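Structure, as structure tokens:
The values are calculated or read from the model by the stated rules, or taken from the named source; none is laboratory data. Keep in mind it's a predicted model, so treat the numbers as computed, not measured. A quick note on method: Cβ atoms are made from the backbone with ideal geometry, for glycine too, and the neighbour counts reach across all protein chains shown.
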Amino acid sequence: MAKLTDEISKRRTFAIISHPDAGKTTLTEKFLLYGGAIALAGSVKGKKTARHAVSDWMEIEKQRGISVTSSVLQFSYGGYCINILDTPGHQDFSEDTYRTLMAADSAVMVIDASKGVENQTRKLFKVCVMRHIPIFTFINKMDREARDPYELLEEIEGELGIATYPMNWPVGCGKEFKGVYDRGAGQMISFTANNGQREVAATAAAVDDPGLGALIGEDFAETLRGDVELLDGASAEFDLEAVQAGRLSPVFFGSALTNFGVEPFLKDFLRLTPPPLPRVCDEGEIDPFSPDFSAFVFKIQANMNKAHRDRIAFMRICSGKFEKSMEVLHVQGDKKMRLLQPQQMMAQEREVIDEAYAGDIIGVFDPGIFSIGDTICSPNRKIRFDGIPTFAPEHFARVRQLDTLKRKQFVKGTSQIAQEGAIQIFREPGKGMEEVIVGVVGTLQFDVLEYRLKNEYGVEIRLEMLSYQHLRWIEETPVEPKKLKITSDTKVVQDFKDNYLLLFTDTWNINWALDKNEGLRLAEFSR
Ligand code: G4P
């Protein structure tokens, strides 16, 4: 029991989110370097080489330079066992990010100091705020020209609706970057470029230290004294409770590439971020320290390894301990089973593991039985974790296969990709599967669908964009769905559980349908 408590208390599980190119990969690699999980850094060399080696999987990511799947990495540092969940850096994958955040206890938001909150990632960051978990901000690339730090904080507060608390304060930027003032320690830490090395030799000085001018220059010293006075006077007190409730984001300035400010950030972050949090299920909250094993599936990923054609279900352990050969209950399937080849990502390698604890993420081979949101638990404790909400698709396309002989592969491919939660598929009543309507949250998902069908299933498709924007499930209808009075712009479709739905081009048409069909009840989510 003591070991269980000890192991779980050491766990810190968080997601990293950022706009593409803000420096998430670089920061992650520097973390791994501190954890001793990879040899020397300097491994982030170029887009085509090491850049994608650690946390990105799919070929399309390399081609596009974007991350479209989330991966998980585990390493140890300072007595902690750290699980990092990577998320796709594009708003079109905000649903995927949301699901990943369901498995995290906190989030690190990486922002490019020259850009601030970027248009493309606004939605992603908002999704982060929606989860009400602690959010830590790392403002990166201070070794380059950066925007005014006050302005950056104001933007984060305004855009995301959370307060900020600068943990350190930058002095200069770009060629004139002098370092950061650590507010907790009351020390100026001068900048030394240090790419590739673990130890950062820093010189420190207090604000009232007469040597400060010599360290960073008299002008900068003067400005810093003013800034410190202003910050201490103007900004709110540091409030840990507000941080843990996701209302206040501690902000750190640094430079991941030159390894400046990364270790202090990691240390402070680990001190402030919570150990595994209790999760809500149908019986109330589940204490992570309870000995009974429980977990939920938050991600399913097919064909991660082209040579193996595998499908892996990722689950977050919510309580107790998992052991390799233990019997578990898959609640939704109502089946007792043993999980096949449980794995964890350790830096660059996938490793088969013997045990894992609450807070950890494990990936298991999925023969096609798991769905996102499913609960897995000890057979003696049948519980059901709250489901993971599905975002309503906003873009629709008709998808046709070009080679009719490949019908089977087409059906298999679209169904599997739909099971992973990346797309939703519908068909017109009476029509077969040669042609489906696909709904997605972001249009980039269409490209991924096309690419994956071709590369993983050998199927070429044609996409025809449709002008529908709203999807509603029919909950109650006075007549057969096909006989409903609807405008010519509205379409009746079925999902693959044979539920009927309506596709609308605008809200006017939704109201029209409700007006003309007494007794019609529509829902935004399927039950
Ligand atoms: P991402 O995962 O968020 O997409 O970003 P990634 O870490 O890959 O970083 C994107 C680029 O920014 C990389 O350059 C990386 O070296 C650079 N970078 C990351 N952190 C810093 C930093 O603190 N300072 C500076 N100056 N650069 C940083 P790259 O892959 O070589 O691309 P490119 O610069 O050749 O376009």
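Do we find that ALA22 is at pLDDT 90 or above and near the ligand (Cβ under 10 Å from one of its atoms) in this structure? Yes; evaluated as a whole, the condition is true for this residue. You will find that of THR87, THR69, the residue that is buried (at least 22 other Cβ atoms within 10 Å of the Cβ), hydroxyl-bearing (Ser, Thr, Tyr), at pLDDT below 90 and touching a helix residue (DSSP H, G or I) at 6+ places or on another chain (Cβ under 7 Å) is THR87 and no other. Residues of segment 25-44 that are at pLDDT 50 or above, within 10 Å of the ligand (Cβ to nearest atom) and not charged (D, E, K, R): THR25, THR26, LEU27, THR28.
Within segment 132-159, the set of residues being surrounded by 15 or more Cβ atoms within 10 Å (Cβ to Cβ) and at positive phi comprises LYS141 only. Of all residues in segment 191-211, those that are modelled with pLDDT of 80 or more, more than 20 Å from VAL251 (Cβ to Cβ) and within 34 Å of the chain's Cα centre (by Cα) total 0. For GLY174, the conditions (1) modelled with pLDDT of 85 or more; (2) crowded, with 17+ Cβ neighbours inside 10 Å all hold with the exception of (2). Restricting the first member to segment 386-399 and to residues that are within 18 Å of TRP473 (Cα to Cα), and the second to residues that are of a type in the set (Ser, Thr, Tyr) and buried (at least 19 other Cβ atoms within 10 Å of the Cβ), the beta-carbon pairs closer than 7 Å and six or more apart or on different chains are PHE396/TYR468. Looking at GLN63, is it more than 12 Å from the ligand (Cβ to nearest atom), at pLDDT below 90, touching a helix residue (DSSP H, G or I) at 6+ places or on another chain (Cβ under 7 Å) and at negative phi? No.
Of the strands (runs of 3 or more DSSP E) lying entirely inside segment 269-378, the ones with 2 or more residues being within 19 Å of GLY421 (Cβ to Cβ) and at pLDDT 85 or above are found at 294-302, 311-319, 361-365, 375-377.
Would you check if there is a residue in segment 245-265 being closer than 25 Å to PRO166 by Cβ, within 16 Å of the ligand (Cβ to nearest atom), in contact with a Ser or Thr (Cβ under 6 Å, 6 or more places away or on another chain) and assigned to a loop (DSSP other than H, G, I, E, B)? Yes, that holds for at least one residue. Residue check: ASP143 meets all listed conditions (1) acidic (Asp, Glu); (2) part of a helix (DSSP H, G or I); (3) within 12 Å of the ligand (Cβ to nearest atom) but one, namely (2). Do we find a residue being assigned to a loop (DSSP other than H, G, I, E, B), at pLDDT 85 or above and in contact with a strand residue (DSSP E or B) (Cβ under 8 Å, 6 or more places away or on another chain) anywhere in segment 222-235? No: zero hits. Here is a check on your reading of the model: is VAL441 crowded, with 16+ Cβ neighbours inside 10 Å, among the β-branched types (Val, Ile, Thr) and free of Cβ contacts under 8 Å to residues at least 60 places away in the same chain? Against the criterion (crowded, with 16+ Cβ neighbours inside 10 Å, among the β-branched types (Val, Ile, Thr) and free of Cβ contacts under 8 Å to residues at least 60 places away in the same chain), VAL441 does not qualify.
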